[in-house]
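Visitor: The structure is given below, and queries will be raised subsequently.
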Amino acid sequence: MNYLERAQKLKTELISFRRYFHKNPEIEMNLPKTTEFVMSTLKEMGYEPKKICESTITASVGKGNGKVILLRADMDALPMKEDSGLDFASTNGYCHACGHDLHTSMLLGAAKMLKENEENIEGTVKLLFQAGEEVFQGSKAAIKAGILENPKVDAALGYHVGAGKMPVGIYMYNSENTMMFSNDGFKITVKGIGAHGAYPQYSIDSINIAAHIYIGLQELIAREVDPTDTCVLTIGSFNAGTAPNIIPETAILQGTIRTASTKTREQLVKRMKEVSKLTAETYRGTAEVEMISEVPPLICNPEFTNEIVKYMQELPLEGLMGYPKIQASASDDFAEILNRVPGAYMYLAAGFPNDEINYQAHTPNVRFNEDVLPFGAAALAHSATQWLKSHKD
């Protein structure tokens, strides 16, 4: 089967999938409408899909012998109001501002074509429609539910679309180093003693403690990490107090640590905890550190990645061009899967080169080019089919 040619014929259907998901975004691990749509669509295609854990679906296609390759799409949206101006924009206060609606639609398109070509699939393609990527819970939940077993997965592939000005046909990957950073989200709860603002001597000021913790954490990057290492430590939330004349008992800091290496990740997480607790003790308070997310760096398997690149180059798409050695300081919990099986993760450009405005992902105005849908669906189906063919037992 010429997957790209078939995918182009399915473009209207793929767009209809995408616009349904876009108009009905759901967040975290609770995606009832999304999972119902995916389940019913897969059944119409001839699959017997299973919900293996909360709002996460799997299905398989192929002859049932030989190797197993996993294709993954994330399905959750973001808790933000959309301001894109699209006719099919969300109105429920959530927003598909990261392209997961496209990922799900591309995998549904790949599923349809793979089912049509099932007799020629030399092995098994396992599909994963995953919830909870944005909160870094979905991959762990799917792994715990057995997504990598029965049958055992030998390799995994995933794509992520990119907004901006890069045209469809550009794909970005990294087969030599870390593709995406780790993500260790943390919450620091500082406890002191509250008091009247006029009598600070009776307080243990949680805001003062939290401010010193904030400054101390920035010094970890400046003075304790090798300058050649790439890492980010961000405090994105600082909350304390309810009135200008009350010294609050509690202050809360929330942030993330992102690194390109496991060694630096371990160092920064350890020191973040130490600095927080010891700084609080210095000012007579306490600090409790809770880890919200713990995702390793996303590192692709070099041999598998280069093989997938070869298969993508076989697609006769005008303007097809690869950019190797891309590294993103963002994170994706697909890293949990690639930490266990060899695989690859790539960006597919879905931009508008002639647009004057250049909105990026995770902004309420972002737009993605739907022309990427047939390309993404074809790349998933073709790469999976060819890899299984080349790795017959």
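The values are calculated or read from the model by the stated rules, or taken from the named source; none is laboratory data. From a predicted model like this one, the values you see are computed outputs, not experimental measurements. As a convention, Cβ positions derive from the backbone with ideal geometry for all residues, glycine included, and neighbour counts pool all protein chains shown. All accessible areas refer to the heavy atoms of the entire protein, side chains included, with ligands and DNA or RNA removed. Shrake-Rupley method; radii C 1.70, N 1.55, O 1.52, S 1.80 Å.
Visitor: Given the options 109, 66, 93, name the one that is surrounded by fewer than 24 Cβ atoms within 10 Å (Cβ to Cβ) and within 26 Å of residue 305 (Cβ to Cβ).
Guide: Details: 109 fails: surrounded by fewer than 24 Cβ atoms within 10 Å (Cβ to Cβ); 93 fails: within 26 Å of residue 305 (Cβ to Cβ).
Answer to the selection: 66.
Visitor: Can you find, within region 5-22, the residue that is surrounded by the most Cβ atoms within 10 Å (Cβ to Cβ) among those that are touching a residue at least 24 places away in the same chain (Cβ under 8 Å) and under 16 Å from residue 89 (Cβ atoms)?
Guide: 21
Visitor: Within region 224-239, take every residue that is open to solvent by 40 Å² or more (accessible area, probe 1.4 Å) and either among the hydroxyl-bearing types (Ser, Thr, Tyr) or farther than 23 Å from residue 183 by Cβ (or both) and give me the one that is modelled with the highest pLDDT. Working first, answer last.
Guide: From region 224-239, those open to solvent by 40 Å² or more (accessible area, probe 1.4 Å) are 224, 226-230, 232, 234, 236, 238-239; that's our starting set.
Those still in the list that are either among the hydroxyl-bearing types (Ser, Thr, Tyr) or farther than 23 Å from residue 183 by Cβ (or both) too: 228, 230, 234.
Values: 228: 91, 230: 91, 234: 96.
My answer is 234.
Visitor: Of the residues 81, 43, 63, which is among the basic types (Lys, Arg) and without any contact (Cβ under 8 Å) to a residue 24 or more places away in the chain?
Guide: Details: 81 fails: without any contact (Cβ under 8 Å) to a residue 24 or more places away in the chain; 63 fails: without any contact (Cβ under 8 Å) to a residue 24 or more places away in the chain.
From the options 81, 43, 63, the qualifying one is 43.
Visitor: Filter region 307-343 for residues that are touching a Pro at 6+ places or on another chain (Cβ under 9 Å), of a type in the set (Gly, Ala, Ser) and surrounded by 16 or more Cβ atoms within 10 Å (Cβ to Cβ) and give the result.
Guide: Matches in region 307-343: 331, 335.
Visitor: Filter region 240-255 down to the residues that are aliphatic (A, V, I, L, M) and touching a His at 6+ places or on another chain (Cβ under 9 Å), then identify the one that is surrounded by the fewest Cβ atoms within 10 Å (Cβ to Cβ). Step through it out loud before you land on a result.
Guide: Quick first cut of region 240-255, residues aliphatic (A, V, I, L, M) only: 240, 243, 246-247, 251-253.
Subset that is touching a His at 6+ places or on another chain (Cβ under 9 Å): 246-247.
Values: 246: 13, 247: 23.
This residue is 246.
Visitor: So, in region 123-153, of the ones that are of a type in the set (Asp, Glu) and touching a strand residue (DSSP E or B) at 6+ places or on another chain (Cβ under 8 Å), which residue ends up surrounded by the most Cβ atoms within 10 Å (Cβ to Cβ)? Break it down into steps so the answer makes sense when it comes.
Guide: Narrowing region 123-153 to residues of a type in the set (Asp, Glu): 133-134, 149.
From what's left, touching a strand residue (DSSP E or B) at 6+ places or on another chain (Cβ under 8 Å): 133-134.
Working: 133: 24, 134: 20.
Residue satisfying both the conditions and the ranking: 133.
Visitor: Tell me which residues, restricted to region 350-371, are among the acidic types (Asp, Glu) and either in contact (Cβ under 8 Å) with a residue 12 or more places away in the chain or closer than 17 Å to residue 172 by Cα (or both). Step through it out loud before you land on a result.
Guide: Within region 350-371, the first condition is being among the acidic types (Asp, Glu), and the residues that meet it are 355-356, 370-371.
Result: 355, 370, 371.
Visitor: Looking at region 91-107, is at least one residue of a type in the set (A, V, I, L, M), part of a loop (DSSP other than H, G, I, E, B) and modelled with pLDDT of 95 or more?
Guide: Initial filter on region 91-107 (of a type in the set (A, V, I, L, M)): 97, 102, 106-107.
Now drop any that are not part of a loop (DSSP other than H, G, I, E, B), which leaves 97.
The next check asks that each one be modelled with pLDDT of 95 or more; those that pass are 97.
Scanning region 91-107, I find at least one residue that is of a type in the set (A, V, I, L, M), part of a loop (DSSP other than H, G, I, E, B) and modelled with pLDDT of 95 or more, so the answer is yes.
Visitor: When you check residue 288 against the structure, is it open to solvent by 60 Å² or more (accessible area, probe 1.4 Å) and either assigned to a helix (DSSP H, G or I) or modelled with pLDDT under 95 (or both), yes or no?
Guide: Working: open to solvent by 60 Å² or more (accessible area, probe 1.4 Å): yes; either assigned to a helix (DSSP H, G or I) or modelled with pLDDT under 95 (or both): no.
Judged against the criteria, residue 288 is not a match.
Visitor: Give the residues of region 176-189 that are open to solvent by 20 Å² or more (accessible area, probe 1.4 Å) and modelled with pLDDT of 95 or more, sorted by residue number.
Guide: If we filter region 176-189 for residues that are open to solvent by 20 Å² or more (accessible area, probe 1.4 Å), which is where we start, we get 176-177, 187, 189.
187, 189, listed by residue number.
Visitor: Could you check residue 1 against (1) modelled with pLDDT under 95; (2) not in a loop (DSSP other than H, G, I, E, B) and say which number it fails?
Guide: (2) is the only condition that residue 1 fails.
Visitor: Would you check which residues across region 241-286 are without any contact (Cβ under 8 Å) to a residue 12 or more places away in the chain and within 30 Å of residue 179 (Cβ to Cβ) and list them?
Guide: Answer for region 241-286, where residues must be without any contact (Cβ under 8 Å) to a residue 12 or more places away in the chain and within 30 Å of residue 179 (Cβ to Cβ): 263, 266, 270, 274.
Visitor: When both residues are 6+ apart or on different chains and their Cβ atoms are under 7 Å apart, which pairs have a first residue that lies in region 309-331 and is in a loop (DSSP other than H, G, I, E, B), and a second that is among the basic types (Lys, Arg)?
Guide: Listed by first residue and then by second, the contacts come to 329/258; 331/258.
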